[in-house]
Every structure is written in structure tokens, then in C-alpha cells.
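Chemist: Please read through the structure below; I'll follow up with questions.
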């Protein structure tokens, strides 16, 4: 390693020393559709589209052959796809993709406990296999077994990268593993295997940051790793500057084992982008819906939240301005009525200067519901409300989110019924 870089980093023997596999399902949605149709994933031209009834709908995934022959990729539009008999258009089925993703998680549970597995997204996973050699073999042997199991069960090819921490495993998989199917990179190999690659291809940088780095004369990961830390801090701020510097050098202290309960304690969020402008009165209907959803999620984890956060983005004609506020309650709650009232308190004067196009709501500062302190003046009413909302939870668990809901959700402002048809913002 270059001497100038070495001085800014701790000795490598003090770096995290884990065995991490980063797994990526190639063109996941398209691969699922091809597998379900028993079609050749390498020769078939197929695109998964969010809504086939709308010409402007987004392509969610494209098979490798469609990408190669017609340059159709994720983010392309339906109208850009040539009208040819050899191209298959598939309506997205998010329910099916979630089922397959969960099935892949079940396969990973064969090789590590749940706290060692991190679902990075619906089609990417991290699995830490420290100390499993006596059961499953070397990290490469485990990777090959996982690839074999996923393809045997679901017919889906995956790429895998191995590293001694999450960042190295992820970057190795992205830069090398996606082409070869499997790649590994130890700390001693970072300079030769990873540094020659363009910063434009590196996870966590993105096009906008890549252009700024290029303007500084930084084109490769190695050039970024060798740039003085203080220069990157000054240009990108302390947090992002340090992230670029340490990740380019392969250093990452993020935990590889996660407690699901502790993760849940960070809080929950939900939001929606409207297809048209919403007035404040219409938005109240949606806040009621989001309050119900978040309260139900809190109760499902037996938790309650102190802090409620509300954010709204106004119409694009209003210079991108937003409304964003938080309120911390005197007592933690998992009741929808209290979450809704908190949002109304934040905007008690109804001062909304423009139509609303996007809204998000979250709850944070979470504790276990057994720690809720009863309010002397409201506990009796809260007890009745808790019994009511618990009864609603049972109905929803049996019949789904549209099994019972507020009458306001039937108005033109309601979004619940349409959202119930979707998973991850797309139709099932």
C-alpha cells in the first residue's frame, strides 16, 4: 500500500476480519419470469414492466439478451421497447418476486443463523459465514453451494463476491463477480483487483458524485483511495468524504451480525407519491391511512414510539419546497389516533402554501410496549382504543388490509385500496 495512504489508516491486522458473501440475483424480476416460463435466461428477450396498460410505464428488469440486442434496461420506458414477436413483455408480479426472495432467504438459513443474514434488497443479500468451515467448507465452497441451491430450486443465476467485510464483498461482487459469477478479494488484493476500476462503477458513488470526482482528477478507485482524507472531507463534507476514503481503501466497520429486534427499535416509516396534486384536506385522509399502518406495525412488534415525523413535498411548481417536522410525545404510543393527532398538531394552523405531491410519515424513538407509562387522565380511553385497534389487527391479519378500513378511504383522496394491490409500489 502507498505510504501516504498507510499513515491515515490503522494497521491491517486491526481491520475487521470476517468472511462475508455478497449475493446478487441477476436481472431478478426477469429471471423469475423466465424461470416460471421455462425459457432460456441467456437467449430469451424479456422485459418486466410495472404496468403494461400504460406506454410510459417503467421497465423494472430486462433479460441480458434484451439489454444486449436493444439496449433496454431497468429504467427504460415501455414505449422504447421495439414491437417484435421475439420480445416478451411481462406484467410485474411483486407478490411472486417477494415469495422467491423469501425462498432464497430460507436457503441462506441453511448456512448461517438469521442474525448473520442481511437482506440488502429484494434481490441482494449479505451472509456472514464466520466459523462455519467445519460444517460447510471454505467460503468458496459455501458460495458454490448457495449458487447451486438457488438455481436448483428457483432456476435463478446469482453472482457472489467474498470479502473480509461487507463493503469489500459488495464491491468485489459488483466489479468482478457479476461477470464471472464468483469473485473474492482479500485485503491484500484490493490494490490489484479493485483499484483499477472506474469510480463510476463503484457502489455508493453514483453518477453525480462520479462527475465531481472526475473534475478533481479522480477516475479510478485507486486514485480515490490515495487522495488525502482532508481534501475529500473538504469537498464532500466529513461524513461522505470519510466514507469515500475508507471504502475506497477497503475499510468498513459496519456490523456483520444484526439483532432483528434492535433493528425494529430504530423505527418504521411509510409514504406515497400522489399521481395528482392533493389539497391539505385530502392529505388528511392519507395521514389517517398511514397512521393506521404504522400503528399496526408497531403493535406487531409489541413496540411503541415517542417521536412522530411528518414530511410533505409540494407540487413541482413550488420550487421543490417541503414541509418537515417532528414531535415527541409525553408518552410512547402504538395507537393510530395518537399518531394522527400528532401530525395534526404539527400543522395546527393548516399553513400549506401549495398542493401536496408526496407525503411520508415515520415513527422513531421506539421502546417495548411494556414500558409505556399510563397517563392518569387518558389511560381509560386509551385502553378502550387499544382493545378496538387490537381487534382490527386480527381482522386485517385474517382478511388483509382491505378487510376493514376507514370509510374515508373510499373517497377520491383514499389510497389504501390501490396500495393494497401493490407490493413495493408495484402491482402484485
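Chemist: Please tell me if residue 156 is within 9 Å of residue 22 (Cα to Cα) and touching a strand residue (DSSP E or B) at 6+ places or on another chain (Cβ under 6 Å). Steps first, answer last, please.
Modeler: On the way: within 9 Å of residue 22 (Cα to Cα): no; touching a strand residue (DSSP E or B) at 6+ places or on another chain (Cβ under 6 Å): yes.
When the stated conditions are applied, residue 156 does not pass them.
Chemist: Can you name every residue in region 25-47 that is at pLDDT 95 or above and part of a strand (DSSP E or B)?
Modeler: Answer for region 25-47, where residues must be at pLDDT 95 or above and part of a strand (DSSP E or B): 45, 46, 47.
Chemist: Inside region 73-103, can you point out the residues that are outside any helix (DSSP H, G or I) and either without any contact (Cβ under 8 Å) to a residue 40 or more places away in the chain or at positive phi (or both)?
Modeler: 73, 74, 75, 76, 77, 81, 82, 83, 84, 85
Conditions tested, residue by residue: (1) at pLDDT 95 or above; (2) surrounded by 15 or more Cβ atoms within 10 Å (Cβ to Cβ); (3) under 30 Å from residue 105 (Cα atoms); (4) assigned by TED's automatic domain parsing to the domain that holds residue 105.
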| position | (1), (2), (3), (4) |
| --- | --- |
| 146 | yes, yes, yes, yes |
| 149 | yes, yes, yes, yes |
| 158 | yes, yes, yes, yes |
| 168 | yes, yes, yes, no |
| 179 | no, no, yes, no |
| 196 | yes, no, no, no |
| 202 | no, yes, yes, no |
| 209 | no, yes, no, no |
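Chemist: State whether the residues of region 124-136 include one that is out of contact with any strand residue (DSSP E or B) (no Cβ under 8 Å at 6 or more places or on another chain) and closer than 23 Å to residue 28 by Cβ.
Modeler: First, the residues of region 124-136 that are out of contact with any strand residue (DSSP E or B) (no Cβ under 8 Å at 6 or more places or on another chain): 130-136.
Retained after the next criterion (residues that are closer than 23 Å to residue 28 by Cβ): none.
No, every residue in region 124-136 fails to be out of contact with any strand residue (DSSP E or B) (no Cβ under 8 Å at 6 or more places or on another chain) and closer than 23 Å to residue 28 by Cβ.
Chemist: Can we say residue 296 is over 14 Å from residue 271 (Cα atoms), touching a residue at least 60 places away in the same chain (Cβ under 8 Å) and either crowded, with 17+ Cβ neighbours inside 10 Å or in contact with a helix residue (DSSP H, G or I) (Cβ under 9 Å, 6 or more places away or on another chain) (or both)?
Modeler: On the way: over 14 Å from residue 271 (Cα atoms): yes; touching a residue at least 60 places away in the same chain (Cβ under 8 Å): yes; either crowded, with 17+ Cβ neighbours inside 10 Å or in contact with a helix residue (DSSP H, G or I) (Cβ under 9 Å, 6 or more places away or on another chain) (or both): yes.
Yes: the conditions hold for residue 296.
Chemist: Sticking with this one: Among 230, 197, 148, 134, which is the only one that is in contact with a helix residue (DSSP H, G or I) (Cβ under 6 Å, 6 or more places away or on another chain) and without any contact (Cβ under 8 Å) to a residue 60 or more places away in the chain? Steps first, please.
Modeler: Working: 230 fails: in contact with a helix residue (DSSP H, G or I) (Cβ under 6 Å, 6 or more places away or on another chain); 148 fails: in contact with a helix residue (DSSP H, G or I) (Cβ under 6 Å, 6 or more places away or on another chain); 134 fails: in contact with a helix residue (DSSP H, G or I) (Cβ under 6 Å, 6 or more places away or on another chain).
The unique qualifying residue is 197.
The values are calculated or read from the model by the stated rules, or taken from the named source; none is laboratory data. Note that the coordinates shown come from a computational prediction; the quantities given were computed from them, not determined experimentally. All Cβ positions, glycine included, derive from the backbone under ideal geometry; neighbour counts span all protein chains shown.
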